[in-house]
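Visitor: Below is the structure I would like to discuss, written out as structure tokens.
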Amino acid sequence: MKKSLLLFLFSIGTHFLVAQARLQSPTEFLGYELGDRFTPHHRVVEYFKQIAEATPGNVRVQQYGETYEHRPLIYALVASAENFKNLEQIRQDNLKRAGFVNGTPSTKVAIVWLSYNVHGNEANSMEASMKTIYELVNPDNSKTKEWLKNTVVVIDPCINPDGRDRYANYYNQAGNFPPNNDPQAREHREPWPGGRANHYLFDLNRDWAWGTQIESQARIKIYNQWMPHVHVDFHEMGYNTPYYFAPAAEPFHEVISSWQREFQTTIGKNNAKYFDEQGWLYFTKERYDLFYPSYGDTYPIYSGAIGMTYEQGGIGGGVSVTTTEGDPLTLKDRLTHHFTNGMSTIEISSQHADRLNDEFEKFFKENNINPSAPYKTYVIKAENNSDKIKKITDWLNTHNIQFGHAATGKPSRGFDFMTQTQNNFNLTTEDIVFNIYQPKGRFVTTVFEPQSKLTDSLTYDITAWNLFYGYGLKAFALNEKIAVTKPYQPKPVAAEVIPAKPYAYIFSYQSLNDVELLAALIKKGVKVRSANKSFTLNGQNFNPGSLLVTRRNNESLSDFDNAVQAIAKNLNRKIYTTQSGFVDKGLDFGSGEVNFLKTPKIALLGGDQTSALGHGELWHFFEQQIHYPVSVIVTDYLKTIDLWKYTVLIVPDGNYRLFDEPMLSTIDRWVTDGGRLILIAKGAAAFADKKGFALKEFADDDAKKKAEKEDKELKEKEGPVKFGEAERKELSNNIFGAIYKVTLDKTHPLAFGLDDFYYSLRTNELHYTYLNPGWNVGILKGKQKPLIGFAGNKINKKLENTLVFGVEDKGKGQIVYMVDNPTFRSFWENGKMILANAVFMVGQ
């Protein structure tokens, strides 16, 4: 009896395992047809795992990371049975072709990487990924069997799971059943912040190079382990637009090879063949260029791949919507278009697998032999702030950029990024050196060259991004090759001997790491002071902003010394101590120029009318970078809160309607009573020219009349604009993310930790006169043109002698105006110091 029962249970278990391992189509697995609804991310992960379990000799699914909301990030490797056994050899051979690994390749297999749903509300592509992986392993599909003989396919079904589920959950809650095709229906009007961005509301498609988000950091690591030959990033645009695929629009960056241009067209023609057969509309060579290096098409391009964006019309389209032509556009239509082009790309890549491998290898050999870029070597001077050097070297390591030290020092000459001129300097063996004779050489050129050649000023994104300016680093570009012969060695930091009970602890204040220390001390309840002026103590010079933690006023803190030392050690901060408050030079610790830093209680405005991305940059800054608490206050109820509970209110970039006269009056009273109002970009514009606020577009009525007269005379001189020239004509009034040199007043707390100049990445055309009354801490002086990037002649003229950063004292409080956004995309490190100063230093 027992034996019979065991056999029966074994047969059931075996049947269950066989059933589990049977390959299932998406419809069989999900219980509905693709396109009938939006599939939750966890179900897509389960489906990919089911495919791997059913085809263990062809598919491997691996988790490469986790989102902020703890959703898994996965990718699938799909190959023929023979190639699947040799996946590691194929990967290593590819790295040999790129020059990352020594040796001669023994395989020649194309690697095609398909990335889906980087923008969460461009929601069809994750559905398409399921159809794609199924057809690649479907035993009845003879075409895919043939393609996989010489092609490995990497599939990332969802780069942005948090944003994707945010959108899908909203639609599933707000959608009609059956779907409502009316574009004005609620299901097609996604509320703030939308599903486009990740948890912290970052646009992950603009974060590939900068890697500020954990999704990007995890993805870049695995991407650089494979270095594919072809990479496709699947997107959606407005539902009234048809479909876009390669070739891309101008401008192409000059480092892009002729083969990369050529094969984009080859792929595009193959895609067109399938779209033509179905009568589907599409366009190429428009709108989407290949210049900004941090996209899902350009980062792969600068890493040797054929990088492409595919855009399907569909954002806001839900499951079904009626277009302006009166036609229905369904989710099923959209995913089918993406599926078709994904398969077309694999097909054409398979047909050219040998050439893809050869040209990929050629791309990197050209870097190593005779790169065409004028600047061959970049030098970062060792005297730069060590925290900033660590940040830039960590960034270089992230992208497998080879760097180190020269064998010997010597007098050198090169482009000085700080002065924008050719200058002599001494190259030392402690300086950091990297050249473009390496696998990532073209990427290095793209990110660091002093001026990129812009073949067309009508571009899709910013036109400047140089990290030497973003980090405020003293650096040089040389037109000669300097060999890297010694591995990088960071400067050792001499440990300070800490007495048992010092009079005070002293910390430098020159980087975001120091801000993080300040935040940690304040959270612990440690009372901190800041020196307004420089001083010298025990032979050590300390700059304005230096942090002082005195034993006095911290008597109530139990285990005071251990607490301060533990925080500093945990954050790798050098501790200086003194047994006296009597300084060698400067003002003593009891001076009125040494301020007690009151604990900021921060309210951050969010919600409708704020820029979701602008809000997210600030939210991420506080929570993930300096780890300081912030209360998000939503625009819907700002008028109802007790604003006096907070000492700081930050208004991000946005398009505001809520600041009417009563609201402005309330904020005015709150500032006068001691509040600190921080206004950023269009957040500042909402207060410009308003009663009680010093920010003005024109100094007086005469200046306004003069500007209006000049504008009228110019329009009369130029005559009416032709319809076909209107877009380009408007370029003269625009800034496309360009870098400007800002003069700083270093004596003001808003500029603590910075140099005489700040290099601002300007992304708007706002312009205001110097504050009067007020402190003009950062200004554009005299005639203006960007150091790098494009800005029109008319807007440059308007920027002459204008405010960038300023502070208005008002009663007991302050208003900090930031015309430029200092935290744009979170990769402009020096800008974060300005924000931190506005929160912790100003008004103390």
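Visitor: Is it true that some residue in the range 576-583 is over 39 Å from the mean Cα position of the chain (by Cα), among the polar types (S, T, N, Q) and open to solvent by 60 Å² or more (accessible area, probe 1.4 Å)?
Guide: yes
Visitor: Let me ask something else. Which residues, counting only those in the range 224-238, are surrounded by 24 or more Cβ atoms within 10 Å (Cβ to Cβ) and of a type in the set (Phe, Trp, Tyr)?
Guide: PHE234, the sole residue that qualifies.
Visitor: Separate question: For residues in the range 730-743 being open to solvent by 30 Å² or more (accessible area, probe 1.4 Å) and part of a loop (DSSP other than H, G, I, E, B), which is farthest from ALA685 (Cα to Cα)?
Guide: Across the range 730-743, the extreme among qualifying residues is PHE736.
Visitor: What residue, of VAL61, VAL78, is aliphatic (A, V, I, L, M) and free of Cβ contacts under 8 Å to residues at least 24 places away in the same chain?
Guide: VAL61
Visitor: Out of all the residues in the range 41-73, which are open to solvent by less than 30 Å² (accessible area, probe 1.4 Å), in contact with a strand residue (DSSP E or B) (Cβ under 6 Å, 6 or more places away or on another chain) and of a type in the set (Phe, Trp, Tyr)?
Guide: Within the range 41-73, just PHE48 meets the criteria.
Visitor: Another one. Can you name the residue in the range 744-765 that is part of a strand (DSSP E or B) and more than 26 Å from LEU731 (Cα to Cα) and, of all such residues, is most open to solvent (accessible area, probe 1.4 Å)?
Guide: PHE757
Visitor: Let me ask something else. Please indicate, with yes or no, whether at least one residue in the range 148-155 is modelled with pLDDT of 95 or more, within 16 Å of LEU73 (Cα to Cα) and either open to solvent by less than 10 Å² (accessible area, probe 1.4 Å) or in a strand (DSSP E or B) (or both).
Guide: First pass over the range 148-155, keeping only residues modelled with pLDDT of 95 or more: 148-155.
Then drop every residue that is not within 16 Å of LEU73 (Cα to Cα), which leaves 154-155.
Narrowing further to those that are either open to solvent by less than 10 Å² (accessible area, probe 1.4 Å) or in a strand (DSSP E or B) (or both): 154-155.
Within the range 148-155 (the criterion being modelled with pLDDT of 95 or more, within 16 Å of LEU73 (Cα to Cα) and either open to solvent by less than 10 Å² (accessible area, probe 1.4 Å) or in a strand (DSSP E or B) (or both)), the answer is yes, since at least one residue qualifies.
Visitor: What about GLN50, is it modelled with pLDDT of 95 or more, more than 20 Å from ASN150 (Cα to Cα) and touching a helix residue (DSSP H, G or I) at 6+ places or on another chain (Cβ under 9 Å)?
Guide: Taking the combined requirement at face value, the residue satisfies it.
Visitor: Which residues, counting only those in the range 621-646, are outside any helix (DSSP H, G or I) and either under 26 Å from the mean Cα position of the chain (by Cα) or at pLDDT below 95 (or both)? Steps first, answer last, please.
Guide: Taking the range 621-646 first, the residues outside any helix (DSSP H, G or I) are 626-634, 641-642, 646.
The answer is ILE626, HIS627, TYR628, PRO629, VAL630, SER631, VAL632, ILE633, VAL634.
Visitor: Moving on to the next point. Would you mind finding the one in ILE380, ILE348, ILE392 that is touching a helix residue (DSSP H, G or I) at 6+ places or on another chain (Cβ under 6 Å), under 22 Å from PHE476 (Cα atoms) and β-branched (Val, Ile, Thr)?
Guide: Result: ILE392 is the single residue among ILE380, ILE348, ILE392 that is touching a helix residue (DSSP H, G or I) at 6+ places or on another chain (Cβ under 6 Å), under 22 Å from PHE476 (Cα atoms) and β-branched (Val, Ile, Thr).
Visitor: Hey, another quick one. Give the range 413-432 a look and list any residue that's open to solvent by less than 10 Å² (accessible area, probe 1.4 Å) and in contact with a Leu (Cβ under 8 Å, 6 or more places away or on another chain), or say none.
Guide: Within the range 413-432, GLY414, PHE417 meet the criteria.
Visitor: So which of TRP192, TRP208 is surrounded by fewer than 19 Cβ atoms within 10 Å (Cβ to Cβ), at pLDDT 95 or above and assigned to a loop (DSSP other than H, G, I, E, B)?
Guide: None of the others qualify; the one that does is TRP192.
Visitor: Oh, and also: List the helices (runs of 4 or more DSSP H) inside the range 647-724, counting only whole elements, that have at least 3 residues being of a type in the set (Gly, Ala, Ser).
Guide: 682-685
Visitor: Given the residues THR298, THR377, which is the only one that is in contact with a strand residue (DSSP E or B) (Cβ under 6 Å, 6 or more places away or on another chain) and surrounded by fewer than 24 Cβ atoms within 10 Å (Cβ to Cβ)?
Guide: The unique qualifying residue is THR377.
Visitor: Sticking with this structure for a sec: Can you tell me which residue is most open to solvent (accessible area, probe 1.4 Å) among those in the range 584-603 that are outside any loop (DSSP other than H, G, I, E, B) and touching a residue at least 60 places away in the same chain (Cβ under 8 Å)?
Guide: Checking each candidate, the answer is PHE596.
Visitor: Identify all residues within the range 546-563 that are out of contact with any helix residue (DSSP H, G or I) (no Cβ under 7 Å at 6 or more places or on another chain) and either closer than 18 Å to PRO749 by Cα or part of a helix (DSSP H, G or I) (or both); write none if there are none.
Guide: SER546, LEU548, PHE560, ASP561, ASN562
Visitor: Please tell me if GLU82 is open to solvent by 10 Å² or more (accessible area, probe 1.4 Å) and under 30 Å from ARG166 (Cα atoms).
Guide: no
Visitor: Can you tell me which residues in the range 270-321 are among the aliphatic types (A, V, I, L, M) and at pLDDT 95 or above?
Guide: ALA272, LEU281, ILE301, ALA305, ILE306, MET308, ILE315, VAL319, VAL321
Visitor: For the range 783-794, state whether one or more residues are aliphatic (A, V, I, L, M), open to solvent by less than 10 Å² (accessible area, probe 1.4 Å) and either in contact with a Pro (Cβ under 6 Å, 6 or more places away or on another chain) or closer than 27 Å to SER511 by Cβ (or both).
Guide: Yes, some residue in the range 783-794 is aliphatic (A, V, I, L, M), open to solvent by less than 10 Å² (accessible area, probe 1.4 Å) and either in contact with a Pro (Cβ under 6 Å, 6 or more places away or on another chain) or closer than 27 Å to SER511 by Cβ (or both).
Visitor: Of the residues GLY683, GLY674, only one is modelled with pLDDT of 75 or more, crowded, with 19+ Cβ neighbours inside 10 Å and not hydroxyl-bearing (Ser, Thr, Tyr); which?
Guide: One residue alone meets the criteria, GLY683.
Visitor: Among the residues in the range 285-294, are any polar (S, T, N, Q) and touching a Phe, Trp or Tyr at 6+ places or on another chain (Cβ under 6 Å)?
Guide: Looking through the range 285-294, at least one residue is polar (S, T, N, Q) and touching a Phe, Trp or Tyr at 6+ places or on another chain (Cβ under 6 Å).
The values are calculated or read from the model by the stated rules, or taken from the named source; none is laboratory data. Note that the structure is a prediction, hence the values are computed from the model and not measured. Backbone-built Cβ (ideal geometry, glycine too); neighbour counts: all protein chains shown. Surface accessibility is based on the protein's heavy atoms, side chains included, excluding ligands, DNA and RNA. Shrake-Rupley method; radii C 1.70, N 1.55, O 1.52, S 1.80 Å.
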